[in-house]
Amino acid sequence: MKIAVCPGSFDPVTYGHLDIITRGAHVFDKVIVAVLHNRNKQPLFSVEERVGLLEEVTKHIDNVEIDSFNGLLVDYVAKSQANVIIRGLRAVSDFEYEMQAASINRKLKSEVETFFMMTNNQYSYLSSSIVKEVAKYNAPVADLVPDIVEKALQEKYRQK
Ligand code: ADP
């Protein structure tokens with residue numbers, strides 16, 4: 001069974017993420033979307049909220065599971081009995097960081113392969129940060145994120 005881990009911050013999940021997850025689920029037997037507990041970034045949504053939104057927007061895809069993890073990605077991948085890391089590539093600017101991450105991960109665990117998927121053109125400039133920037137000023141984000149995520153964003157910024 002080919003199991004892939006799709007790691008990230010998902011703060012919050014966008015149509016760009018969903019596209020990569022959906023396409024990954026066509027290639028692998030199982031895709032585990034893993035939300036990173038990242039202590040360096042100040043997230044808008046808690047890990048539990050991000051997991052909840054991901055569960056909701058992927059519930060129609062049978063072979064996708066949502067989880068969260070701490071620590072080294074390659075350790076999490078091995079623990080999950082996966083052998084592939086899926087990463088999405090948008091602009092050229094993603095490339096340098098992703099190449100570094102893939103080579104360090106290969107050094108740490110050579111049996112884990114990184115699998116890159118090119119973004120769908122329509123999402124090449126879409127990121128969680130852009131979505132938050134737009135939502136913060138109450139502008140519509142309906143083309144960028146699923147409804148439930150748009151509502152969660154409105155609720156967050158209303159509270160703030
Ligand atoms: P990270 O902080 O690890 O980059 P993100 O939540 O920003 O976490 O992204 C998780 C994964 O989804 C990454 O592989 C990223 O490249 C990919 N991704 C994010 N947005 C898009 C998009 N619009 N199109 C394709 N892939 C994307």
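The values are calculated or read from the model by the stated rules, or taken from the named source; none is laboratory data. Note that the coordinates shown come from a computational prediction; the quantities given were computed from them, not determined experimentally. Methodologically, a virtual Cβ is constructed for each residue, glycine included, from the backbone with ideal geometry; neighbour enumeration extends over all protein chains shown.
Things to note:
- Segment 1-20 - residue that is assigned to a strand (DSSP E or B) and aliphatic (A, V, I, L, M) and, of those, nearest to residue 148 (Cα to Cα): 5
- The sole residue among 84, 47, 77 that is under 24 Å from residue 135 (Cα atoms), more than 10 Å from the ligand (Cβ to nearest atom) and out of contact with any Pro (no Cβ under 7 Å at 6 or more places or on another chain) is 47.
- Flag for residue 103 being away from the ligand (no atom under 13 Å from the Cβ), among the hydroxyl-bearing types (Ser, Thr, Tyr), outside any loop (DSSP other than H, G, I, E, B) and over 22 Å from residue 22 (Cβ atoms): yes
- Where a residue in segment 119-140 is at negative phi and without any contact (Cβ under 8 Å) to a residue 60 or more places away in the chain and its partner, wherever it lies, is small (Gly, Ala, Ser) and exposed (fewer than 12 other Cβ atoms within 10 Å of the Cβ), with Cβ under 6 Å and at least six apart: none
- Considering segment 1-44, and only residues there that are more than 19 Å from residue 141 (Cα to Cα) and of a type in the set (D, E, K, R), the residue that is farthest from the ligand (Cβ to nearest atom) turns out to be 29.
- Within segment 94-107, the set of residues being surrounded by 14 or more Cβ atoms within 10 Å (Cβ to Cβ) and under 15 Å from residue 77 (Cβ atoms) comprises 101, 102, 105, 106.
- Flag for residue 23 being surrounded by fewer than 22 Cβ atoms within 10 Å (Cβ to Cβ), outside any helix (DSSP H, G or I) and at pLDDT 95 or above: no
- Residue, farthest from residue 17 (Cα to Cα), within segment 67-86, restricted to residues that are touching a residue at least 40 places away in the same chain (Cβ under 8 Å) and surrounded by fewer than 19 Cβ atoms within 10 Å (Cβ to Cβ): 81
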